[in-house]
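The values are calculated or read from the model by the stated rules, or taken from the named source; none is laboratory data. All figures in this text were calculated on a predicted structure; none of them were measured in a lab. Note: ideal-geometry Cβ built from the backbone for every residue, glycine included; neighbour counts use all protein chains shown. Each accessible area value is taken on the protein alone, full model and side chains, heavy atoms only, with ligands, DNA and RNA left out. Shrake-Rupley method; radii C 1.70, N 1.55, O 1.52, S 1.80 Å.
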Amino acid sequence: MSVSQPNKKAHRLLVSLRMQARECKRRFIVLSLVLVLPVAFWASTYYTVGEDPTPIKIHTYSGIEEITVPARESWPTKIGLMGIAWAVGVAAFYTMTGSIHKDKRLVLCGYRSWQILGARLILLMGIALLVSIIPLILFVPTIAPLHPELVWLASFLVGLIAVEIGLFIGTLIPRPTEGVLVLVALFGIGMSLPGTAAHFFPTYPANQLLYAGVFAKNPLILPFVWHALLIISFVAILSIALWSYRVRIWRW
Amino acid sequence: MVLLKIKGIHKRFGRLKVLRGADLEIDSGEIVGITGENGSGKTTLLRIVVGLLHCDRGKVKIYKGFGYCPQAPIVFDSLTMEENIAYFSAAYGLSREEGMQRGKALMRKLRCDQHATKLVAHLSGGTIQKLNLIVSLLHDPDLLILDEPYQGFDYESYLSFWKLAKELKKDGKSIVVVSPMIHERRFLSSLYRLKEGRLVRESTK
């Protein structure tokens, strides 16, 4: 007996989610590295960077404040956030490049491209959530941020942005070396740039939320959350459109 | 009853003209062989027929549901044979039970049911090729389009393949088999050679 028509779409999405989760579980070394990388990035700088005073700008409800904090309190958290972006972005990238032919066969057999991509998005969002929680176990007791919930939000949002960017680059540039180098450059430059140039990179709102969460007494939150959600939605729409084109079936 | 009609397919890759007006018509209950030298365009033709590749000119009409078995196995390495069957069953809109029932019967026919719960990454090339073929047969299609389906099979499995092909033909299904070497000409309803971008009919004797 075939699956009834109304349930078919949901059934396909759930089966795809289950199978992609199984594949992911069986690649537990990669998954562990994705989870550990941000902590390793953070810890390696935290214990080496020193106490030099570093000026930083934070956004509060009363405007932009410039404060000076020890390098150990600012730089490692930013590096940790960069670690999340790299780890999640590269994982998302490989879920696309490694599966294009298989996904195309699934589409040929009856799947809709959005069902496969939807399942992948749900799975990667779950991974981004895990990656945003695990480093907090170390970050929060060590750096004692003023708003730990904002540090989590910044980590989760950067994870979501990285998921979308990873999926998009994976669809746009299917060659692994070239694609990973673009991701490294995009997140590396975007998160290390000071000043206004950083505004043009997708990780900017998450960076601002992170500093506001660690240092601001009265942090400005909503504009950065909206900014991040706008980037996530825009890149998601681009990825879905490009992905559907890549796995399309020609009918004559 | 016509199941597949291909008319004037043209395809070029840069300056290289691979297909120059390939025509073919397949009726139900036929096994059609397509052969040709390496690089003659056999795989390109099949990829165009199933819709994986765009053609420059020409028409393809498939009148019923079809199954496609690609030349290089396209299955999920990190899943078991059973999980692959369940995944593709969902793609075809089959329930898990129906898909598994059919998958198990096909695994038995192709003599690989003992590997059902093994990860594809741990299987031999021949067994992966069998799974590749099983996936294309799961939904019991009227037309099967197979690109070198028995590549890597041992002799017993090769014979099992032809036995299965004969059973399908008896049930009124049609099969297109592409291979550079087709020895079992006696099983074919017709044989074509892809030569200079066109399909030329050859004797099956």
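On inspection, B:SER174 passes the criterion of being crowded, with 19+ Cβ neighbours inside 10 Å and either without any contact (Cβ under 8 Å) to a residue 24 or more places away in the chain or within 13 Å of the chain's Cα centre (by Cα) (or both). Against the numbered list (1) out of contact with any strand residue (DSSP E or B) (no Cβ under 6 Å at 6 or more places or on another chain); (2) in contact (Cβ under 8 Å) with a residue 40 or more places away in the chain; (3) of a type in the set (Gly, Ala, Ser); (4) open to solvent by less than 10 Å² (accessible area, probe 1.4 Å), B:ALA165 comes up short only at (1). Name the residues in segment B:177-189 that are part of a helix (DSSP H, G or I) and either touching a Lys or Arg at 6+ places or on another chain (Cβ under 8 Å) or open to solvent by less than 10 Å² (accessible area, probe 1.4 Å) (or both), would you? Across segment B:177-189, the qualifying residues are B:ARG185, B:PHE187.
For the residues A:LEU108, A:LEU123, the requirement of being under 25 Å from B:ILE85 (Cα atoms), of a type in the set (A, V, I, L, M, F, W, C) and touching a Cys at 6+ places or on another chain (Cβ under 8 Å) singles out A:LEU123. Every condition in (1) among the β-branched types (Val, Ile, Thr); (2) surrounded by 15 or more Cβ atoms within 10 Å (Cβ to Cβ); (3) in contact with a Lys or Arg (Cβ under 6 Å, 6 or more places away or on another chain) holds for A:ILE64 except the one numbered (2). Among the conditions (1) farther than 10 Å from B:GLY197 by Cα; (2) touching a Cys at 6+ places or on another chain (Cβ under 8 Å), B:ASN38 misses just one, which is (2).
Within segment B:113-139, being within 11 Å of another protein chain (Cβ to nearest Cβ), closer than 16 Å to B:GLU167 by Cβ and assigned to a helix (DSSP H, G or I) holds for one residue alone: B:SER136. Any chance segment B:31-53 includes a residue that's surrounded by 14 or more Cβ atoms within 10 Å (Cβ to Cβ) and of a type in the set (Asp, Glu)? The answer is no; no qualifying residue exists.
Does segment A:207-215 contain at least one residue that is among the small types (Gly, Ala, Ser) and either assigned to a helix (DSSP H, G or I) or open to solvent by 50 Å² or more (accessible area, probe 1.4 Å) (or both)? The answer is yes, given that some residue of segment A:207-215 is among the small types (Gly, Ala, Ser) and either assigned to a helix (DSSP H, G or I) or open to solvent by 50 Å² or more (accessible area, probe 1.4 Å) (or both). Residues in segment A:89-104 that are open to solvent by less than 20 Å² (accessible area, probe 1.4 Å) and touching a Ser or Thr at 6+ places or on another chain (Cβ under 9 Å) were compared, and the one that is modelled with the lowest pLDDT is A:MET96.
Matching residues to (1) at pLDDT 95 or above; (2) polar (S, T, N, Q):
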{"site": "B:ALA121", "(1), (2)": "yes, no"}
{"site": "B:LEU133", "(1), (2)": "yes, no"}
{"site": "B:LEU146", "(1), (2)": "yes, no"}
{"site": "B:SER160", "(1), (2)": "no, yes"}
{"site": "B:LYS163", "(1), (2)": "no, no"}
{"site": "B:GLY172", "(1), (2)": "no, no"}
{"site": "B:ILE175", "(1), (2)": "yes, no"}
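All conditions but one from (1) out of contact with any Ser or Thr (no Cβ under 9 Å at 6 or more places or on another chain); (2) within 11 Å of chain B (Cβ to nearest Cβ); (3) not acidic (Asp, Glu) apply to A:ARG27; the one that does not is (1).
Go through segment A:182-203 and give me each residue that's without any contact (Cβ under 8 Å) to a residue 12 or more places away in the chain and open to solvent by 60 Å² or more (accessible area, probe 1.4 Å). Result: A:PRO194, A:THR196, A:HIS199, A:PHE200.
In the set (1) within 8 Å of another protein chain (Cβ to nearest Cβ); (2) at pLDDT 95 or above; (3) surrounded by fewer than 19 Cβ atoms within 10 Å (Cβ to Cβ), the condition left unmet by B:GLN101 is number (1).
Scanning segment A:1-29 for residues that are at pLDDT 90 or above and among the β-branched types (Val, Ile, Thr), we see that the one that is least open to solvent (accessible area, probe 1.4 Å) is A:VAL15.
When you scan segment B:60-71, do you find a residue that is touching a strand residue (DSSP E or B) at 6+ places or on another chain (Cβ under 8 Å), open to solvent by 10 Å² or more (accessible area, probe 1.4 Å) and away from every other protein chain (no Cβ under 12 Å), even just one? Yes: one or more hits.
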